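Read the structure below first, then the notes.
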Amino acid sequence: VQLQASGGGLVQAGGSLRLSCAASGRFLRFRTMGWYRQAPGKERELVSTISSSGDTNLADSVKGRFTISADNASKTVYLQMNTLKPEDTAVYYCNIRMPDRTLIWGQGTLVTVSS
């Protein structure tokens with residue numbers, strides 16, 4: 001299984017971006033797909049996850065601004081990010097947790113929010 005993330009870029013504060021992460025490879029089910037981020041000098045932190053049944057989890061810092069969704073048919077997870085703040089600047093990583101709890105990471109995509 002491989003993950004391909006896209007959608008990062010440079011945006012002004014208050015703007016929006018939509019990240020995508022497409023999973024490829026032979027698998028039928030997954031436990032969760034999600035997004036983490038890592039800002040310079042900081043540890044990687046959870047942004048949001050979504051289960052195969054659609055249950056979502058959002059970090060408090062992004063509630064009301066970010067929305068996670070998934071298209072199970074195309075095995076793609078999206079992160080809609082609105083009202084972006086400079087503190088959202090980070091490399092965003094997607095991951096997928098398989099039924100056997102194996103966790104697979106995609107490459108990061110850089111999001112830069114200018115003030």
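The values are calculated or read from the model by the stated rules, or taken from the named source; none is laboratory data. This is a predicted model, so every value here is computed, not measured. All Cβ positions, glycine included, derive from the backbone under ideal geometry; neighbour counts span all protein chains shown. What goes into the accessible areas is simple: the full protein's heavy atoms, side chains included, and nothing from ligands, DNA or RNA. Shrake-Rupley method; radii C 1.70, N 1.55, O 1.52, S 1.80 Å.
Quick notes on this one:
- Annotation: for a label point projected 7 angstrom from Cα along Cα→Cβ of LYS42, residues of segment 70-106 with backbone N closer than 20 Å are 79-95, 106.
- Of the trypsin sites (Lys or Arg not before Pro) found in segment 1-32, those that fall in a DSSP loop while having at most 14 other beta-carbon atoms within 10 Å are ARG26, ARG29.
- Here segment 60-115 was treated as a single set of alpha-carbon atoms; its pair distances binned every 5 Å from 0 give 4, 15, 21, 26, 18, 11, 4, 1, 0 percent.
- In segment 66-115, trypsin sites (Lys or Arg not before Pro) in a DSSP loop with at most 16 other beta-carbon atoms within 10 Å: ARG101
- Taking all protein chains into account, the per residue accessible area for the chain stands at 54 Å² (1.4 Å probe).
- Sparse packing (at most 14 other Cβ atoms within 10 Å of the Cβ) combined with a DSSP loop state is found for the following GluC sites (Glu not before Pro) in segment 23-115: GLU43.
- Mean separation of Cα contacts under 8 Å, 6 or more apart, over the residue count of the chain: relative contact order %: 37 percent
- Residues SER52 and THR83, FRET efficiency given R0 of 30 Å [Cβ-Cβ distance, rounded to 0.05]: 0.60
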